[in-house]
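The values are calculated or read from the model by the stated rules, or taken from the named source; none is laboratory data. Treat the numbers as computed from the prediction; the structure is a model and nothing was measured. For neighbour counting, all protein chains shown are included, and Cβ atoms are generated from backbone atoms with ideal geometry for every residue, glycine included. These accessible areas exclude ligands, DNA and RNA; they are computed on the full protein's heavy atoms, side chains included. Shrake-Rupley method; radii C 1.70, N 1.55, O 1.52, S 1.80 Å.
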Amino acid sequence: MEAMNPRTEPRCRTLSIHVVTWNVASAAPPPDLSDLLQLSNLNLNLDIYVIGLQELNCGIMSLLSDTAFEDPWSSYFMDVLSPLSFVKVSSVRMQGLLLLIFAKYQHLPFIQVLSTKSTPTGLFGYWGNKGGVNIFLKLYGYYVSIINCHLPPHMANNDQRLEHFDRILEMQNFEAQDIPNILDHDLILWFGDMNFRIEDFGLHFVRESIRNQRYSDLWEKDQLSIAKRHDPLLREFQEGSLLFPPTYKFDKNSNNYDTSEKKRKPAWTDRILWRLKRQSQTNSHTPALPAPFALSLRSYVSHMVYTVSDHKPVTCTFDLELKPLVSAPLIALLPEIPCTMESDMLISYSLTTDFLSSPWDWIGLYKVGLRHINDYVSYVWVRDNQVSFSDRLNQVYINISDIPETEDPFLLFYYSNNLHSVVGISKPFKIQPFSFLEEDPLDEAQPQI
């Protein structure tokens, strides 16, 4: 039950992160998203999904329904990912913009959601049809900012796009919450329908270049690439090579570029960028950084198989190598073993010395395969149902009448009210049914301890 020795040197670990951006054009989820989520690629061994959608259906009836229930896209992703041990960590929505983060449950004690934020930039800066939604978190002790955006459309509005990009960045200040400036965060992931277009080249040249897969012929006139050559801050955001066809604009339910009267010129509107914190040069007066933190790109692709929208989705898969700044959970949880339906469930837990508990902390009992943190079977407040407590060990119980009889495995999560995050999890365990404790067949007296 003791926490890891703080003097133990944490080993480097690699987290695989899959980022999705898709302007879904008010469409419902298609039947199969396995290609988008790379579910059949067993070599990826993903740890985290980051999913950003734009132009969700935000009609009045749809918004009212999504307020009372999960929106169809969130429900779909939870249905698909929860059997694979992924739990929804956080989400934020602003009209048609939605940002979701899923992680394998064993990472939850090392993910602290610090803040979520919406930054509208449409219609004089007050309407949320354009803008950005953001989730800020600590990942194994490092600051990570995740931004999903939808910038203004049309070829002529490039200056406005860049202004909105800057405005979203400027709005990410958290002085009152003791969170560093976003440019001091260790990692920024920024993606979405950025709406940058291909300048100068005519429609015929662009389509011929695409047909012959000469994508590099178009790069020099891509508006985002041009802007990065002139803007030092924007240049700090990296991007993989555009080795896939432009993702906009398609006729719906086809892979044909726009055949309407407007015949919009294809463009790479859907992008995924990242920025690592600038590291100052070390010298004799500046100690070297205590831990490595490196991001490497494994893939940057579009997914032509999906036709429900006039945009094609784009995904990035990263390997994030880091040396954890937090190497042990703040809480160690242990159910009584063996645990049976014969009596109340006894739960023991210990706290690290620097953890500040609250009467509003609670321990939840979950079936393995939970969708999100509120998907508990039962729970107990840590100051209720106490059996014993001390500086090192605490015990509480959950009434057995609140627990369904099932052979499914369970997990325990400790949720911190102060940190708004899970800070401890148990290993999976089973609760044995009543029939597990059978009478001795010889009816012999058993020794008592």
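A few remarks follow.
- Residue within segment 368-390 that is closer than 18 Å to residue 425 by Cβ, basic (Lys, Arg) and under 32 Å from the mean Cα position of the chain (by Cα) present: yes
- Any hit, segment 109-117, residues being among the charged types (D, E, K, R) and modelled with pLDDT of 95 or more: no
- For segment 67-79, taking the residues that are surrounded by fewer than 19 Cβ atoms within 10 Å (Cβ to Cβ) and not in a loop (DSSP other than H, G, I, E, B), the one that is modelled with the lowest pLDDT is identified as 68.
- Restricting attention to segment 147-163, the residues that are among the β-branched types (Val, Ile, Thr) and open to solvent by 10 Å² or more (accessible area, probe 1.4 Å) add up to 0.
- Any chance residue 125 is crowded, with 16+ Cβ neighbours inside 10 Å and either at pLDDT below 95 or outside any helix (DSSP H, G or I) (or both): no
- Members of segment 329-367 that are open to solvent by 60 Å² or more (accessible area, probe 1.4 Å) and within 17 Å of residue 428 (Cβ to Cβ): 334, 336, 337, 338, 367
- The single condition among (1) part of a loop (DSSP other than H, G, I, E, B); (2) closer than 25 Å to residue 139 by Cβ that residue 405 does not satisfy is (2).
- Exactly one residue out of 191, 205 is closer than 21 Å to residue 152 by Cβ and aromatic (Phe, Trp, Tyr): that is 191.
- All positions within segment 8-29 that are open to solvent by 60 Å² or more (accessible area, probe 1.4 Å), in a strand (DSSP E or B) and at pLDDT 95 or above: 14
- For segment 258-289, a residue qualifies if it is modelled with pLDDT of 95 or more and among the hydrophobic types (A, V, I, L, M, F, W, C), and the qualifying residues are 267, 268, 272, 273, 274, 276.
- Some residue of segment 295-318 being open to solvent by less than 60 Å² (accessible area, probe 1.4 Å), within 21 Å of residue 109 (Cα to Cα) and either at pLDDT below 95 or not in a loop (DSSP other than H, G, I, E, B) (or both): no
- Filtered by the rule that a residue be surrounded by fewer than 16 Cβ atoms within 10 Å (Cβ to Cβ) and either modelled with pLDDT of 90 or more or assigned to a loop (DSSP other than H, G, I, E, B) (or both), segment 386-400 gives 390, 391, 392, 393, 399.
- Subset of segment 183-223 [part of a loop (DSSP other than H, G, I, E, B) and either outside the structural domain of residue 318 (by the TED database) or under 31 Å from the mean Cα position of the chain (by Cα) (or both)]: 185, 186, 194, 195, 196, 197, 215
- Among residues of segment 36-59 being over 16 Å from residue 72 (Cβ atoms) and open to solvent by 70 Å² or more (accessible area, probe 1.4 Å), the one that is modelled with the lowest pLDDT is 42.
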